[in-house]
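Engineer: Below is one structure. I have some questions about it.
The values are calculated or read from the model by the stated rules, or taken from the named source; none is laboratory data. Worth saying up front: this structure is predicted, and the values here are computed from it rather than measured. Here the Cβ positions follow ideal geometry from the backbone for every residue, glycine too, while neighbour counts run over all protein chains shown. Note: accessible area is taken over every heavy atom of the protein model, side chains too, but ligands, DNA and RNA are not part of it. Shrake-Rupley method; radii C 1.70, N 1.55, O 1.52, S 1.80 Å.
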Amino acid sequence: MKKRTARLAVAAAAFAVIAPLTGCANMLSADQTAKYEYNGGDGAWSREDLEGVDVRGLLLLQNEDGDASVFYTLVNSSDEPRTVSLTIGPETVETSLQPGETFQQNSHAETSEAEPLVISGLNAQVGELVDVEATVGSASETIRAQVLDGSIPEYAELLPTTPAEDPTTDPTEGAADGTTEGAADGTEGAAQQG
């Protein structure tokens, strides 16, 4: 009985020594974990050196019409003025920053004076990553920003709103000659176009 207990104890000790040397623990090195950088919060961050400018929290919130509100923060840590260009879908926006200045593109934030930024016709799939080209001087980086919708309650009020459609004709126009008759069901306009 004592020999069997001794063998089990040796086997358990050997397993305890060998287990950490296999699997995931063996794949990580001190260098990898020391260089890992976690950016908390929503949205994507730049990873390259953009001449001292950081792009933080880049996020696109898209409505059902394919239009997206854009949110991000720019931080100029350099000691010189910088102009940041962001190409998002079909549009490009530029922002000038003074040395040490932070700009927040979020019209809903009390600390921001920015107007809403809406990209029309983005038409991305919800959850898709969209390439945003950030350029500062001669430095550039493609940042992959996620497209979300209003499924998360906190985002629902941040979606772009579609303005009400303006009527293309005055409903009283042509009343004197009777051409508005049938306009309610669209038959008059259809007859005139055909």
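Engineer: Could you please let me know if T135 is of a type in the set (V, I, T) and at pLDDT 95 or above?
Structural biologist: Judged against the criteria, T135 is a match.
Engineer: Which one of the conditions (1) open to solvent by less than 50 Å² (accessible area, probe 1.4 Å); (2) at pLDDT 95 or above does N63 fail to meet, given that it meets all the rest?
Structural biologist: The single condition N63 does not satisfy is (2).
Engineer: Which ones in segment 105-150 are surrounded by fewer than 15 Cβ atoms within 10 Å (Cβ to Cβ), touching a Ser or Thr at 6+ places or on another chain (Cβ under 8 Å) and assigned to a strand (DSSP E or B)?
Structural biologist: Scanning segment 105-150 gives D131, E133.
Engineer: Residue check: is P90 over 20 Å from the mean Cα position of the chain (by Cα) and either at pLDDT 95 or above or surrounded by fewer than 19 Cβ atoms within 10 Å (Cβ to Cβ) (or both)?
Structural biologist: Considered against the rule, which asks whether it is over 20 Å from the mean Cα position of the chain (by Cα) and either at pLDDT 95 or above or surrounded by fewer than 19 Cβ atoms within 10 Å (Cβ to Cβ) (or both), P90 comes out as no.
Engineer: Out of all the residues in segment 66-104, which are under 17 Å from A44 (Cβ atoms) and assigned to a loop (DSSP other than H, G, I, E, B)?
Structural biologist: The answer is G89, and nothing else.
Engineer: Is there any pair linking a residue in segment 131-152 that is over 18 Å from V93 (Cα atoms) to one that is among the aromatic types (F, W, Y), with Cβ under 8 Å and at least six apart or on different chains, and which?
Structural biologist: Pairs that qualify, where the first residue is over 18 Å from V93 (Cα atoms) and the partner is among the aromatic types (F, W, Y), are L148/Y155; D149/Y155.
Engineer: Quick test for you: out of T73, T102, pick the one residue that is touching a Lys or Arg at 6+ places or on another chain (Cβ under 7 Å) and either open to solvent by less than 60 Å² (accessible area, probe 1.4 Å) or at pLDDT 95 or above (or both).
Structural biologist: Sole residue among the options that is touching a Lys or Arg at 6+ places or on another chain (Cβ under 7 Å) and either open to solvent by less than 60 Å² (accessible area, probe 1.4 Å) or at pLDDT 95 or above (or both): T73.
Engineer: Could you tell me which of the residues T161, T83, T172 is touching a Ser or Thr at 6+ places or on another chain (Cβ under 9 Å), exposed (fewer than 15 other Cβ atoms within 10 Å of the Cβ) and at pLDDT below 95?
Structural biologist: T172
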